[in-house]
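Q: Handing you this structure, nothing more for now.
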Amino acid sequence: MIQRIDAWTQFKLRCRLAREIFAFWSLSLRHNASIATDRSLNKTQNTLLREAHVIEKGLSLRHPRRGFGQGKILALLRNIDRYLATYPEADKDFILYPLSVVGSYIAHSTKTGSFNADIATHFKQLVARIDADFSAIQSGVKEVTRDQLHANCNSGFESLLFSRHSIRYFAAATPARDLIQKALRLAQQTPSACNRQGWRTHVFHGESCNRMAIWHGGASGFEDEVRCCILVTGDMNAFLLHEIHQVYIDGGMYAMNLVNALHSTGLGTIPLSCGFFHDKLSALKTVFDIPSNEVPILIVGVGYLEDRFRVAVSARKPIHVTNTYH
Ligand SMILES: Cc1cc2nc3c(=O)[nH]c(=O)nc-3n(C[C@H](O)[C@H](O)[C@H](O)COP(=O)(O)O)c2cc1C
């Protein structure tokens, strides 16, 4: 039988929720990368990674805009200067990846006739300053073929993981419903806390998909490429007060499985973040008709693969950086 909760208990639960939210507020004030960024080596490094990746992403579009991102590159180079000045003892090798992205950008802009001398001079100065050796660094974009990807996307777990990439341009056709259905059925195998399966999906095609990609903004420069948007949400009705973040955890696990499942069917995907302020997210209810008990987890842009396409290299950190044995 479902227990009725008396008024006093209801009141205590509301206070408990306020304490949880306050605890998260305090944690965010200390550790969020937007706050006091310059005072933390870790936050600064993450900021540089993000700024470098934005450039890599730009290079992976079907037609990168001529001369795109010059302002962002100059800002990145200034931030690298500041990093070296603020943290003279810090790992100089960390700079290799962002610098190497700038190198890839310079190679691209030289080829496309949009060479910027200020960027090239600043880059050379930094390379000389840290005596950079890029031999072990991969950055920029690489070419992938549909045949290669199809040979690997469903032949084993390892090759599935290594053959998946975020793809930012697709063939013109809309993905067939039976492929989407298959991926949804596969992703349904995601484990969840107490098997509540609190995820939901909303599939958009055509005009509504395009509207969603434009509203999103993180698909800037490739909004028209996304042929189908699958919005993954989490149902807050499935979770209790002691687990207010669980909706994002279960939803995130589901979203990852959905991305891999779509990839296993041979479709291409681009995950699009739902990390926005709540006032922007309110459009999901008012414009896209998403129930208010559902919080957005991820938009997965989907499409068929072109014969050949470029993807960002998106090099991974070595596991000794992200793992601690206890
Ligand atoms: C939660 C999440 C949000 C993302 N948001 C965007 C986005 O808004 N725009 C974009 O172009 N790529 C986005 N990406 C793709 C990442 O840039 C990409 O996953 C990362 O660089 C690793 O590359 P890979 O997916 O090719 O392995 C997102 C990925 C994730 C997981």
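Q: Kindly indicate whether any position in segment 247-261 is of a type in the set (Asp, Glu) and not in a strand (DSSP E or B).
A: Filtering segment 247-261 for residues of a type in the set (Asp, Glu) gives 250.
When the remaining residues are screened for being not in a strand (DSSP E or B), the result is 250.
Yes.
Q: Quick check, is Phe222 among the aromatic types (Phe, Trp, Tyr) and within 13 Å of the ligand (Cβ to nearest atom)?
A: Numbers: among the aromatic types (Phe, Trp, Tyr): yes; within 13 Å of the ligand (Cβ to nearest atom): yes.
Yes.
Q: In this structure, does Gly71 turn out to be more than 16 Å from the ligand (Cβ to nearest atom), within 28 Å of Val226 (Cβ to Cβ), assigned to a helix (DSSP H, G or I) and not hydroxyl-bearing (Ser, Thr, Tyr)?
A: Working: more than 16 Å from the ligand (Cβ to nearest atom): yes; within 28 Å of Val226 (Cβ to Cβ): yes; assigned to a helix (DSSP H, G or I): yes; not hydroxyl-bearing (Ser, Thr, Tyr): yes.
It is true that Gly71 is more than 16 Å from the ligand (Cβ to nearest atom), within 28 Å of Val226 (Cβ to Cβ), assigned to a helix (DSSP H, G or I) and not hydroxyl-bearing (Ser, Thr, Tyr).
Q: A follow-up question, please. Go over the candidates Lys124, Lys92 one by one and state the one that is modelled with pLDDT under 95 and farther than 15 Å from Leu59 by Cα.
A: Numbers: Lys124 fails: modelled with pLDDT under 95.
It is Lys92.
Q: Among the residues of segment 76-117, what is the count of those that are of a type in the set (D, E, K, R), touching a residue at least 12 places away in the same chain (Cβ under 8 Å) and closer than 21 Å to Ser135 by Cβ?
A: 1
The values are calculated or read from the model by the stated rules, or taken from the named source; none is laboratory data. All values reported here derive from a predicted model rather than from experimental measurement. Here the Cβ is made from the backbone with ideal geometry for all residues, glycine too, and neighbour counts use every protein chain on show.
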